[in-house]
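Worksheet for the structure shown next.
The values are calculated or read from the model by the stated rules, or taken from the named source; none is laboratory data. Here the structure is a predicted model, which is why all the values come from computation and not from measurement. No Cβ is skipped: glycine too gets one built from the backbone with ideal geometry, and neighbour counts run over all protein chains shown. What goes into the accessible areas is simple: the full protein's heavy atoms, side chains included, and nothing from ligands, DNA or RNA. Shrake-Rupley method; radii C 1.70, N 1.55, O 1.52, S 1.80 Å.
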Amino acid sequence: MSGDCEFRFSTLSERTLHRAVKDYLEPDRRYQEVPVAGFVADIFRDGQILEVQTGSVTPLVKKLLRLPEEYPVTIVLPIVREKTIVTLSEEGELLSRRRSPKKGNWWETYYQLPRLLPLAARPGVRLRLVLLDADEYRTETPSRRVGRSLCRRLDRVPTSFCGELDLAFPAELWKLLPPELSGPFTREELRKVTRLSVRGMSGGLSALMKLGAVRPAGKTGRKTLYERAEAQGEEQP
């Protein structure tokens, strides 16, 4: 294989996605990794803190609860829209490259919503969802399960940025409901549109109810109906 196809494990880092999103949001690195009130912010500029979270938000939430409320915080959640899976050998040579059939969308945020509940009462919190395409590098060396395959994910490298959705938390979370569900809907209808796992959809819906973005709207047969709690004329993504 040509040298262009080689990708040594030593050059890979799980922080590539995190670093790329930081540079996308704030190219001037003077405003990155800035100490603020005993907290090192990913980005701090004009009194605003931006924190990029590529994994579970639980550790970040614990830190933010200790941060003085005078600092507005935006939690940035990267979401992979289209993923190309790049499989490498132990030596870092390209074995295969294929497009994943799974498509990501704003609804992926549902998996994080239950973990964000402790921040509901903190003023000045926003969510910024960043939709992107990425190459995901894997090795066939068994380590843990990724989807249905036993392999090891080495890194995710963004190839393009596709869009953003900025939300006040929790006031604008109703925007995370699919526009197809403008009227009352069932849990089954929500899962069909979002294509989330049962657990992810259920946890997200429960969190949306606790945060006041969704409310019960009666029943259809034995099934509970839900509706977004904001006026029906509001704009949706």
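With the requirement that a residue be over 20 Å from Asp166 (Cβ atoms) and part of a strand (DSSP E or B), what does region 22-57 give you?
Glu33, Val34, Pro35, Val36, Phe39, Val40 - these are the residues of region 22-57 that are over 20 Å from Asp166 (Cβ atoms) and part of a strand (DSSP E or B).
Test Glu164 against the criterion of being closer than 22 Å to Arg19 by Cα, under 21 Å from the mean Cα position of the chain (by Cα), surrounded by fewer than 18 Cβ atoms within 10 Å (Cβ to Cβ) and at pLDDT 95 or above, and give yes or no.
Judged against the criteria, Glu164 is a match.
Just the residues that are of a type outside the set (A, V, I, L, M, F, W, C) and touching a strand residue (DSSP E or B) at 6+ places or on another chain (Cβ under 7 Å), please, taken from region 106-129.
The initial filter retains those residues of region 106-129 that are of a type outside the set (A, V, I, L, M, F, W, C), namely 108-112, 114-115, 118, 122-124, 126, 128.
Glu108, Thr109, Gln112, Gly124, Arg126, Arg128 - these are the residues of region 106-129 that are of a type outside the set (A, V, I, L, M, F, W, C) and touching a strand residue (DSSP E or B) at 6+ places or on another chain (Cβ under 7 Å).
Test each condition in (1) modelled with pLDDT of 95 or more; (2) not in a loop (DSSP other than H, G, I, E, B) for Pro170 and report the one that comes out false.
(2)
Does Leu60 satisfy the condition of being in a helix (DSSP H, G or I), of a type outside the set (Asp, Glu) and either touching a residue at least 12 places away in the same chain (Cβ under 8 Å) or within 21 Å of Gly200 (Cβ to Cβ) (or both)?
Values: in a helix (DSSP H, G or I): yes; of a type outside the set (Asp, Glu): yes; either touching a residue at least 12 places away in the same chain (Cβ under 8 Å) or within 21 Å of Gly200 (Cβ to Cβ) (or both): yes.
The answer is yes for Leu60.
Taking region 131-143, which residues are open to solvent by 10 Å² or more (accessible area, probe 1.4 Å) and in contact (Cβ under 8 Å) with a residue 12 or more places away in the chain? Steps first, please.
Narrowing region 131-143 to residues open to solvent by 10 Å² or more (accessible area, probe 1.4 Å): 131, 133, 135, 137-138, 140-143.
Result: Leu131, Asp133, Asp135, Tyr137, Arg138, Glu140, Thr141.
Limited to region 40-78, what total is found for residues that are of a type outside the set (Ser, Thr, Tyr) and open to solvent by less than 20 Å² (accessible area, probe 1.4 Å)?
Step one: filter region 40-78 for residues of a type outside the set (Ser, Thr, Tyr), giving 40-53, 55, 57, 59-70, 72-73, 75-78.
Filter once more, so that each one left must be open to solvent by less than 20 Å² (accessible area, probe 1.4 Å): 41-43, 49, 51-52, 57, 60-61, 64, 67, 73, 75-77.
Matching residues across region 40-78 total 15.
Within region 207-227, how many residues are in contact with a helix residue (DSSP H, G or I) (Cβ under 7 Å, 6 or more places away or on another chain), in a helix (DSSP H, G or I) and either open to solvent by 30 Å² or more (accessible area, probe 1.4 Å) or closer than 14 Å to Phe185 by Cβ (or both)?
2
Would region 179-189 turn up any residue that is buried (at least 16 other Cβ atoms within 10 Å of the Cβ), assigned to a strand (DSSP E or B) and out of contact with any His (no Cβ under 8 Å at 6 or more places or on another chain)? Don't jump to the end; show me each part of the working.
Let us first name the residues in region 179-189 that are buried (at least 16 other Cβ atoms within 10 Å of the Cβ), namely 181, 184-186, 189.
Now drop any that are not assigned to a strand (DSSP E or B), which leaves 185.
Keeping just the survivors that are out of contact with any His (no Cβ under 8 Å at 6 or more places or on another chain) gives 185.
Taking every residue of region 179-189 in turn, at least one turns out to be buried (at least 16 other Cβ atoms within 10 Å of the Cβ), assigned to a strand (DSSP E or B) and out of contact with any His (no Cβ under 8 Å at 6 or more places or on another chain).
Enumerate the pairs (first residue in region 168-194 and touching a residue at least 40 places away in the same chain (Cβ under 8 Å); second residue anywhere and aliphatic (A, V, I, L, M) and assigned to a loop (DSSP other than H, G, I, E, B)) with beta-carbon separation below 6 Å, excluding pairs fewer than 6 apart on the same chain, so at least 6 apart or on different chains.
So the pair list comes out as Pro170/Ala120; Pro170/Leu211; Leu173/Leu211; Leu173/Ala213; Trp174/Ala213.
Would you call Gly204 open to solvent by less than 20 Å² (accessible area, probe 1.4 Å) and either in contact (Cβ under 8 Å) with a residue 12 or more places away in the chain or assigned to a helix (DSSP H, G or I) (or both)? Show your work before the answer.
Working: open to solvent by less than 20 Å² (accessible area, probe 1.4 Å): yes; either in contact (Cβ under 8 Å) with a residue 12 or more places away in the chain or assigned to a helix (DSSP H, G or I) (or both): yes.
Here the answer is yes, as Gly204 does meet what is asked.
From the list Arg115, Arg128, Arg98, Arg81, which residue is over 19 Å from the mean Cα position of the chain (by Cα) and open to solvent by 10 Å² or more (accessible area, probe 1.4 Å)? So that I can check it myself, show each step before the final result.
Working: Arg115 fails: over 19 Å from the mean Cα position of the chain (by Cα); Arg128 fails: over 19 Å from the mean Cα position of the chain (by Cα); Arg81 fails: over 19 Å from the mean Cα position of the chain (by Cα).
The match here is Arg98.
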